Amino acid sequence: SSASTVGQSNNGSNSIPMSARRLITTESDVVVSPAVVLKTIRQLNLYRDPQFSSKALVRPGSTPTPQQMNLVLRKVTVAISVDQPLDSYLLRVGFRSDDPNVSAAVANSLLQSLIAHDYQTRVQALLGSSASMRTQLTDLRAKMERSQEALVHYESSHDVLNPDSKNNIMLARLSQVNQDLGRAQTRRMALQADYQVVKTGNLDALIATDRSQYLLPLYQRLLQDQRQLSRMAQVYGPNYPVYLQQQALVSHDRHVLTRQEIHVARQIRSQYQMALAREKLLRGELALQKKRMDAFNLKAIRYYALKAAADSYTRLFYQLQQRIQDAAVAANLHSETLRIISPARPIDRPVFPHPLLTAVLCFLLSAMLGVGAAIAIGVMDKSIANPEQVEQYFGLPVLATLPLVELRDHTSLNPLGYGPQLLGLGQASAEEPGAHNSAFREGILSLHSAVRLAQENDLQFMAVTSSVPSEGKSTIVANLAGAFAGLGSKTILIDADMRKPSMHRQFGVQNHRGLSSVLRGQCTLDQALVEAHGVSNLSLLPAGHAPASPAELLHMGLS
């Protein structure tokens with residue numbers, strides 16, 4: 001059975017913004033947390049239900065131990081299922097039990113426990129944060145009072161009651177002094193130019209200055225009287241009274257001009273010195289105003305720092321006080337961020353197990369395991385399947401390949417028909433068993449050719465062996481020896497298999513004497529050799545009767 005609930009993010013003053021998806025995921029984990037599950041177990045007395053607890057807990061009056069309660073907790077938690085429907089803010093909680101009524105009751109109780117746990121957790125968090133904020137509020141109040149006291153003391157001791165207004169006045173004064181200094185510099189430079197003219201003593205240059213109104217009329221009158229004197233000198237002569245009178249007038253004009261020139265020069269010098277002194281005073285005043293402005297700016301910076309600290313502590317104090325009030329209101333407000341939309345109801349048919357689904361899954365799993373096992377066996381199989389793998393694994397050339405044949409008569413002298421007739425010296429008999437194994441005969445001839453071509457010199461000895469019994473050594477050796485003998489090579493076939501000799505049966509000869517007799521010294525090699533019947537140029541050295549331990553023959557041969 002399952003029940004659905006909807007959740008929304010808490011917009012309280014102490015909440016952390018989170019997305020709806022993150023909220024649903026968080027609540028999904030909280031549903032199966034021990035805090036919520038244990039509350040449901042105690043509310044419904046699930047520790048007395050036989051499907052979740054042992055028989056000892058079912059008896060009335062029994063109290064579960066912590067270990068037993070943990071066992072019940074694990075069993076109940078495993079049976080809880082939590083999922084979220086696609087594209088919704090719903091949280092669907094289900095519980096699996098043998099009794100549908102128990103399933104519905106547990107699912108509903110889990111959601112109610114989740115809502116109660118969410119509310120209690122939020123209230124505890126708000127109360128805890130309120131206590132912490134009250135401690136911080138006390139510290140902030142002390143800091144706010146100290147910062148305000150420091151600001152008032154600094155204002156009164158440094159005369160910075162209104163820094164902005166005083167700063168404007170000082171800026172205006174500084175601007176006025178700067179303007180006066182500029183004008184004084186201009187005036188001083190103009191007078192300095194006139195003073196340089198005065199120092200040269202050039203009257204014409206002095207008349208060219210702005211003081212010409214004092215000198216130019218006198219200078220013009222002097223020139224006019226001098227011209228009149230020149231005319232009189234031409235008319236009356238130097239001793240005439242009128243000339244002398246005019247001469248006295250010219251002298252008087254020159255004296256007046258000289259006195260005026262001296263007066264103007266003194267005036268220009270005095271004005272220049274006054275302008276120079278004024279400029280110096282204005283420079284000093286400007287430097288003093290700048291110094292006062294810098295000192296005031298330093299005081300203002302300190303003032304603004306103290307004021308900013310006081311304002312900050314005051315703002316933080318009132319904000320924290322407001323948050324404490326909001327937390328107190330939120331703690332007393334029973335607002336639910338989770339609510340049940342659809343309570344769980346008992347269902348009339350079981351939802352688990354699903355026989356058809358289980359069978360399909362078992363079939364698919366078995367098929368996957370079978371395919372995986374086949375692939376693993378194929379990967380781990382290191383057996384050799386073709387001649388190319390022999391050359392790849394061992395780095396050895398493959399001389400020839402022989403097909404698999406069945407010998408119907410293992411006692412015949414020439415089972416595969418190798419003899420003089422098959423090697424071109426005669427015609428094969430249709431009754432011979434080897435007449436139907438042309439592929440095997442071709443393989444033997446290919447092996448013979450490969451062995452002969454692989455040797456630069458004439459082949460003297462060749463040993464044939466294998467790793468395990470019954471691989472066809474005897475059949476291959478018998479036919480290969482027949483091939484060598486049939487092509488004209490004098491051949492001796494030695495049967496060195498002391499444990500299971502078979503060459504004497506292949507050629508139908510006796511095994512009374514052989515290699516073991518020669519090694520024991522019971523006969524010579526010529527006496528032990530037996531001519532192969534029906535195959536020219538081929539002699540056979542049977543194995544002979546071997547002792548219980550074939551290693552003794554090896555010791556005899558070495559000694």
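Note on segment 70-89: among residues that are under 36 Å from the mean Cα position of the chain (by Cα) and in a helix (DSSP H, G or I), the one that is nearest to Val36 (Cα to Cα) is Thr77. Among the residues of segment 90-149, the ones that are part of a helix (DSSP H, G or I) and touching a residue at least 24 places away in the same chain (Cβ under 8 Å) come to 37 in all.
Counting the residues of segment 469-483 that are hydroxyl-bearing (Ser, Thr, Tyr) and open to solvent by 30 Å² or more (accessible area, probe 1.4 Å) gives 2.
In a residue-by-residue description of segment 380-397, the property of being among the β-branched types (Val, Ile, Thr), part of a helix (DSSP H, G or I) and modelled with pLDDT of 80 or more applies to no position. When segment 126-146 is limited to residues that are surrounded by fewer than 16 Cβ atoms within 10 Å (Cβ to Cβ) and among the small types (Gly, Ala, Ser), the one that is farthest from the chain's Cα centre (by Cα) turns out to be Ala142. The single condition among (1) part of a loop (DSSP other than H, G, I, E, B); (2) buried (at least 19 other Cβ atoms within 10 Å of the Cβ) that His448 does not satisfy is (1). Just one of the listed residues (Ala454, Ala532) is of a type in the set (A, V, I, L, M, F, W, C), closer than 28 Å to Ala439 by Cα and crowded, with 20+ Cβ neighbours inside 10 Å, namely Ala532. When the residues of segment 250-294 are filtered to those that are open to solvent by 50 Å² or more (accessible area, probe 1.4 Å) and within 60 Å of the chain's Cα centre (by Cα), the one that is farthest from Ala190 (Cα to Cα) is Asp294.
Looking only at segment 33-48, count every residue that is open to solvent by 30 Å² or more (accessible area, probe 1.4 Å) and aliphatic (A, V, I, L, M) and tell me the total. So that I can check it myself, show each step before the final result.
Applying the first criterion (open to solvent by 30 Å² or more (accessible area, probe 1.4 Å)) to segment 33-48 yields 34-35, 38-39, 42-45, 47-48.
Then keep just the ones that are aliphatic (A, V, I, L, M); that gives 35, 38, 44.
Count: 3.
Close contacts from segment 481-497, counting a first residue that is more than 19 Å from Asn511 (Cβ to Cβ) and a second that is in a loop (DSSP other than H, G, I, E, B) and aliphatic (A, V, I, L, M), with Cβ to Cβ under 6 Å and a gap of 6+ residues or different chains, come to Gly482/Val535; Ala485/Val535.
Within segment 150-170, restricting attention to residues that are open to solvent by 80 Å² or more (accessible area, probe 1.4 Å) and part of a helix (DSSP H, G or I), which residue is nearest to Asp326 (Cα to Cα)?
For segment 150-170, the residue satisfying everything is Val152.
In the set Arg349, Arg315, Arg283, only one residue is part of a helix (DSSP H, G or I) and over 27 Å from Met144 (Cα atoms); that residue is Arg283.
When segment 506-529 is filtered for residues that are crowded, with 17+ Cβ neighbours inside 10 Å and either closer than 27 Å to Ala450 by Cα or not β-branched (Val, Ile, Thr) (or both), the ones remaining, listed by number, are Gln506, Phe507, Asn511, Arg513, Gly514, Leu515, Ser516, Ser517, Leu519, Ala528, Leu529. Looking at this structure, is Arg513 basic (Lys, Arg), modelled with pLDDT of 80 or more, over 60 Å from the mean Cα position of the chain (by Cα) and not in a loop (DSSP other than H, G, I, E, B)? The answer is no for Arg513. Glu149 meets the conditions (1) within 45 Å of the chain's Cα centre (by Cα); (2) modelled with pLDDT of 80 or more in every case but one. The failed one is (1). Among the residues of segment 465-493, those that are outside any helix (DSSP H, G or I), within 19 Å of Ala532 (Cα to Cα) and of a type in the set (A, V, I, L, M, F, W, C) comprise Leu487, Ile492, Leu493.
Residue by residue through segment 537-556, note down the ones that are under 29 Å from Ser489 (Cβ atoms), at pLDDT below 85 and open to solvent by 50 Å² or more (accessible area, probe 1.4 Å). Listed by number, the list holds a single entry, Leu554. Can you name the residue in segment 196-244 that is open to solvent by 90 Å² or more (accessible area, probe 1.4 Å) and β-branched (Val, Ile, Thr) and is also modelled with the highest pLDDT among such residues? Going through the qualifying residues, I end up with Val235. Between Arg323, Arg302, the distinction of being in contact with a His (Cβ under 9 Å, 6 or more places away or on another chain), surrounded by 13 or more Cβ atoms within 10 Å (Cβ to Cβ) and within 30 Å of Arg141 (Cβ to Cβ) belongs to Arg302 only. When the residues of segment 295-311 are filtered to those that are of a type in the set (D, E, K, R) and under 51 Å from the mean Cα position of the chain (by Cα), the one that is modelled with the highest pLDDT is Asp311.
For segment 212-246, which positions are within 30 Å of Ile268 (Cα to Cα) and not aliphatic (A, V, I, L, M)? Show your work before the answer.
First, pick out the residues of segment 212-246 that are within 30 Å of Ile268 (Cα to Cα): 212-226.
Selection gives Ser212, Gln213, Tyr214, Pro217, Tyr219, Gln220, Arg221, Gln224, Asp225, Gln226.
For segment 80-90, check the following and say yes or no: at least one residue is open to solvent by 50 Å² or more (accessible area, probe 1.4 Å) and of a type in the set (A, V, I, L, M, F, W, C). The answer is yes; a qualifying residue exists.
The values are calculated or read from the model by the stated rules, or taken from the named source; none is laboratory data. A quick note: this is a predicted structure, and the numbers were derived from the prediction, not measured. Here the Cβ is made from the backbone with ideal geometry for all residues, glycine too, and neighbour counts use every protein chain on show. Just so you know, the surface numbers come from the protein's heavy atoms only, side chains and all, with ligands and any DNA or RNA stripped out. Shrake-Rupley method; radii C 1.70, N 1.55, O 1.52, S 1.80 Å.
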